[in-house]
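Student: Mind looking over this structure? Questions follow.
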Amino acid sequence: QVQLVESGGGLVQAGGSLRLSCAASGRTFSRYTMAWFRQAPGKKREFVVAIPWTGGITPYLDSVKGRFTISRDNAKNTVYLQMNTLKPEDTAVYYCAASPNPFSTTESSFNTWGQGTQVTVSS
């Protein structure tokens, strides 16, 4: 099983960019579907996007389409979330998650989670 550590969060003005990273321990990272979720204050955690180990990328959360990009580097055991044109409504704790199931997209289907990284977008 992998362990996950997110980084890259912070405070940014609207219109700015951040790149989140999620570093995974373990030798089987390349066989895990990796995903990003986020949870805004007072709201449920929501799925943003996943990148299955079998290839391809799931559809993005509608509100981030065209602005966020997920990628992975299996040689570095790291998954990234490039976030551009950030909006105040993107403010949330962003979580990285891992699943051995290539079809995982729901919160309950991911069995390994990072501690989260705070992203705050000021208007």
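Student: Would you pick out the residues in the range 76-102 that are assigned to a loop (DSSP other than H, G, I, E, B), open to solvent by 50 Å² or more (accessible area, probe 1.4 Å) and free of Cβ contacts under 8 Å to residues at least 60 places away in the same chain?
Tutor: Step one: filter the range 76-102 for residues assigned to a loop (DSSP other than H, G, I, E, B), giving 76-77, 84-87, 91, 100-102.
Those left that are additionally open to solvent by 50 Å² or more (accessible area, probe 1.4 Å): 76, 84-85, 87, 100-101.
If the condition is that a residue be assigned to a loop (DSSP other than H, G, I, E, B), open to solvent by 50 Å² or more (accessible area, probe 1.4 Å) and free of Cβ contacts under 8 Å to residues at least 60 places away in the same chain, then Lys76 is the only one that fits.
Student: Evaluate the range 36-49: report whether one residue or more is in contact with a Ser or Thr (Cβ under 9 Å, 6 or more places away or on another chain), open to solvent by less than 70 Å² (accessible area, probe 1.4 Å), under 23 Å from Lys76 (Cα atoms) and small (Gly, Ala, Ser).
Tutor: no
Student: Let me ask something additional. All but one of (1) touching a strand residue (DSSP E or B) at 6+ places or on another chain (Cβ under 9 Å); (2) within 19 Å of Trp113 (Cα to Cα) hold for Val64; state the number of the condition that does not hold.
Tutor: If we test Val64 against (1) touching a strand residue (DSSP E or B) at 6+ places or on another chain (Cβ under 9 Å); (2) within 19 Å of Trp113 (Cα to Cα), just (2) comes out false.
Student: Something else now. Can you pull out the residues in the range 103-120 that are within 25 Å of Gly55 (Cα to Cα), in contact with a Ser or Thr (Cβ under 7 Å, 6 or more places away or on another chain) and surrounded by fewer than 22 Cβ atoms within 10 Å (Cβ to Cβ)?
Tutor: Result: Thr105, Ser109, Asn111.
Student: Kindly provide the set of residues from the range 1-24 that are crowded, with 16+ Cβ neighbours inside 10 Å, outside any strand (DSSP E or B) and on the phi < 0 side of the Ramachandran plot, ordered by number. Write out each step before concluding.
Tutor: Of the residues in the range 1-24, the ones crowded, with 16+ Cβ neighbours inside 10 Å are 2, 4, 6, 8-9, 12, 18, 20-24.
Now drop any that are not outside any strand (DSSP E or B), which leaves 2, 8-9.
Residues satisfying the conditions are Val2, Gly9.
Student: Hey, another quick one. If you go through the range 30-67 one residue at a time, how many are in contact (Cβ under 8 Å) with a residue 60 or more places away in the chain, over 21 Å from Thr85 (Cα atoms) and not β-branched (Val, Ile, Thr)?
Tutor: 4
The values are calculated or read from the model by the stated rules, or taken from the named source; none is laboratory data. Computed from a predicted structure; not experimentally measured. Positions of Cβ are backbone-derived with ideal geometry, glycine not excepted, and every protein chain shown enters the neighbour counts. Surface accessibility is based on the protein's heavy atoms, side chains included, excluding ligands, DNA and RNA. Shrake-Rupley method; radii C 1.70, N 1.55, O 1.52, S 1.80 Å.
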